[in-house]
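Trainee: Here's a structure for you.
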Amino acid sequence: MPKEKIKLSKKIEEILEHCPLGVSVANLEGDIIFVNSVLTKQFKIKRKNFLSKNVKDFYVDENERESVRLEFLETGVLKNK
């Protein structure tokens, strides 16, 4: 089964791009589908390279990613801890 492609609306992309904080958006599989220019500068990674990554590439502990994913699926909200 092919992976579902999620595309952000142009309006949402525009809002996130102009956010003064680094922002990325990923699908439920963790594939990064959007990253703003602030985050590319913070990580010193080109946008096209970010978009070829999965969020688990940025976790030291893969179990932590799964815990975050499950929390989001159960509550619909993620909070800094």
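The values are calculated or read from the model by the stated rules, or taken from the named source; none is laboratory data. Bear in mind that the values here come from a model prediction, so they are computed numbers and not experimental data. Ligands, DNA and RNA are excluded from the accessible area calculation, which covers all protein heavy atoms including side chains. Shrake-Rupley method; radii C 1.70, N 1.55, O 1.52, S 1.80 Å.
Trainee: Give, as residue ranges, the helices (runs of 4 or more DSSP H) completely inside the chain that count at least 2 residues that are basic (Lys, Arg) and open to solvent by less than 80 Å² (accessible area, probe 1.4 Å). Steps first, please.
Mentor: Numbers: elements: 10-17, 37-43, 47-50, 62-75.
Filter on the chain gives 62-75.
Trainee: Out of the stretch 1-37, which residues are modelled with pLDDT under 90 and either within 17 Å of residue 48 (Cα to Cα) or among the hydrophobic types (A, V, I, L, M, F, W, C) (or both)?
Mentor: Initial filter on the stretch 1-37 (modelled with pLDDT under 90): 1-10, 27-30.
Result: 1, 5, 6, 7, 8, 27, 28, 30.
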